[in-house]
1. Name the residue from 236, 310, 220 whose Cα lies farthest towards the positive end of the charge dipole of segment 192-345, charges +1 on Cβ of Lys and Arg and -1 on Cβ of Asp and Glu.
2. Highest mean first, what order results for 141-154, 264-277, 369-382 on Cβ atoms within 10 Å?
3. Quick one: if the Förster radius is 35 Å, what FRET efficiency do residue 291 and residue 221 give, using the C-beta to C-beta distance and rounding to 0.05?
4. Which whole-angstrom value gives the distance between the alpha carbon centres of segment 1-59 and segment 288-350?
5. What does the highest-first list of 55-65, 25-35, 304-314 look like by mean Cβ count within 10 Å?
6. Using label points projected 7 Å from each Cα along Cα→Cβ, tell me how many nm separate residue 168 and residue 52, to one decimal.
7. Which shape class applies to segment 228-317: rounded if a/c is under 1.5, otherwise prolate when a/b exceeds b/c and oblate if not, where a ≥ b ≥ c are the square roots of the Cα gyration tensor eigenvalues?
8. To the nearest 20 Debye, how big is the dipole of segment 237-389 about its Cα centre, given +1 on the beta carbon of each Lys and Arg and -1 on that of each Asp and Glu?
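Only the coordinates and a few stated rules stand behind these numbers; no lab work does. Computed from a prediction, not measured in an experiment: that's the story for all the values here. As a convention, Cβ positions derive from the backbone with ideal geometry for all residues, glycine included, and neighbour counts pool all protein chains shown.
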Amino acid sequence: MRVLIAVAPIISHRIAPAERAYTLAQTLKNRGHEVQVSGASSDKWDKTFAPKFEKLGVHVYTSKAPKPHLVSETRRMYVLPFTRKARNPQVLNEERNIEETFNNAGILDKEWFSDQFDFICKQIQEFHPDLVYSEYNIAAIPAAKFCHVPVCCTENYYAIPGYSAGSIRSREVADILEEHKLPRIQECSDLFEWCEKRFVPSVIELDPFKPEDVTFVGTFHKPTAYTHSVDPRERPVVLFSTVNKTVTDRHVIREANKAFKDKYEVYITGLKPESIEQYGSKIGSHIHLSSIDDVDKTIEEIMPKAQAFINCGQLDQVLIAMASKVPQCICPGDIFERKYLAYSLRMAHAAMYIGIEAFVAYGLNSIYQRLTEDPDYAQNARQIVRKMMNAGGSVKIAKEMEQMVRSGVTSQPAPSLDPPKKPKDKGGNAPAEGSAVDRSPLLNVFRPRAKNASQS
C-alpha cells in the first residue's frame, strides 16, 4: 500500500499534526507500506520533522511556507494606538473558529492555497498513492478528489462546519475549487466531509461526534504516566508550564510569587532564558524557574510529586497530567483548539479552565484549593485518558486504510452544498452588509450549521 501523508504547516506552537503524522508514518512503515510525506517549510519542519521522516526512510516533499495573517506588535503599538482592542493582541488575533485558525496561519491565502493544491496534485501524479491522508492540510483533500484518489483525514469536533460560512477566505477557496470543476463550499470545514474516512484523535467524551460518522482512535502514542506520590510531611508542590506565551513570563512569575508563599514549592517551566535572568533574583527561594529547553526534564522530575498542574493546554502535557492523576487547570489563552480541549475537560469535570483575566494571585490560590480538595478532577481525567490510550491510535488507522485498499475503495464525488444563505441575527433578520454576526468563543463548535439550511 502506498500512502501520501499531507501535514498542515507548522505555525508557532502547532506541532500536533506533524507529531501525529510522524507516528502514523512510523506505524505504516513498520507494517511494510510505502510512505511519502508533504509539509511546508518552517524552522521546526526543516530542522526537526523533515530529518525525522527521512531517518525513517520516508521521502519528504517540502513546499513554501504560508505567511501568517497576524497583527504585529509594531502595528498594535504604533499604528492602532487609540483603539481599546488594539492594546490587547489576544483580542485582535483571537481565534473563534477553525477557519480563523487557518486564516491566521496563512493557510487560506488564495495564492498559497492554490499553490499547495497544485503541489500536492504533482506529488500524487509522481507517487501514485493508493490513499492520501490529510493531517489538517485542507488543500490535500480537494487535490486528492481532483486526482481521483481516496482521501482520509484527522478531524476534531471543533473543525465541524459552524458559523464561518460565507467569509471572504472561504469564498476565495471556493473559487479555487470551482476553477478545478469541484463543488463550491460554504466554509473550509466542509472539506473534511469530503473524505472517505475521518479519524478522531480523541474519544467521544471530548469530541462528541455521532459514532457512525467517524472513527475514534484516541491518542497516537501513549503518554507517560508517572506514579503520583505525595509526602504529606513536605511542602505542597505546584507546577506551572507556560509554553504558548499567552501570559507573559513576567506575569506568571509575579502572580505565582504572590499567590504561593514560602509554605509551597513552586516550579515554573517553559520560560525564556532572559526572563529567568531578569526576574530570578526578585522572587523567593521557594520559586524554581526553568527554561523552555528544560520543559520535559522538569515535568519528568516534578510531575510525580505535584499536587496541582497549571498549564496552557499543550496536549502532551495535559495527557501526562491526566495519566499521572495530577489535577490540573488550563489557561489556553487565544488558541482555539486549546480552548476547546480545556472546555471539554471542564465539562467532563476532568480539569479546570480559566481565561487570561483570571490568571492573578487570588485566582491561582483559589484554583489550587479547588483542585486539591476535589478528587474527582484527577479520577475523571484518568478514566478519560485510559479510554484514549486504548482506542487504537495509529495502528487502528493503518488497519482501516489496509481494509479500504483491499476492498477497492474508490474516490467518491465531493458532495455539493446549496448556495450559502446570509446568516440571520438574533431577531431573525439578515445583518446589513459589513455588520458582524454574534459569534462568542466556542459557540460555533457546539452549534454546527445544519446542512442545506440557513444559520440562526
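1. After comparing all options, I get 236.
2. Result, highest mean Cβ count within 10 Å first: 141-154, 264-277, 369-382.
3. That pair, residue 291 with residue 221, gives E of 0.90.
4. Value for the Cα centre distance between the two parts: 25 Å.
5. Descending mean neighbour count gives 304-314, 25-35, 55-65.
6. Those two pseudo-labels are separated by 3.6 nm.
7. Because a/c hits 1.5 or more and a/b fails to exceed b/c, segment 228-317 counts as oblate.
8. Dipole about the Cα centre, nearest 20: 360 debye.
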